[in-house]
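Encoded as structure tokens, the structure appears first; notes follow it.
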Amino acid sequence: MTAACATAPLPSPAGLTWDQAAGRACIICNQRLTVGAVYRGWIREQIGAHCLDKEVWACPQPETPDPSA
């Protein structure tokens, strides 16, 4: 779980695992997602007439400590 997961460029759809493609794992680091996942959008793919678009998610942003504490 890193801040980079929420801001990294989206990978190509060819290398996604089943869980990444189904939205159950982080699109960048492949860790299981639970609460606080960050919506990253869609990865578009098409083969002939078949639409293979995938809705993808990333690890949540780590909480930043409160500087006044």
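Where a number appears in this text, it was derived from the coordinates with a stated rule and is not lab data. The structure presented is a predicted model; accordingly, all values stated were derived computationally and were not measured.
What the table shows:
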| item | result |
| --- | --- |
| Extension gain (nm, one decimal) between Ile47 and Gln31, 0.36 nm per residue minus Cα-Cα | 3.0 nm |
| Reference-scaled alpha-carbon Rg (2.2 N^0.38 Å with N residues) for segment 1-55 | 1.14 |
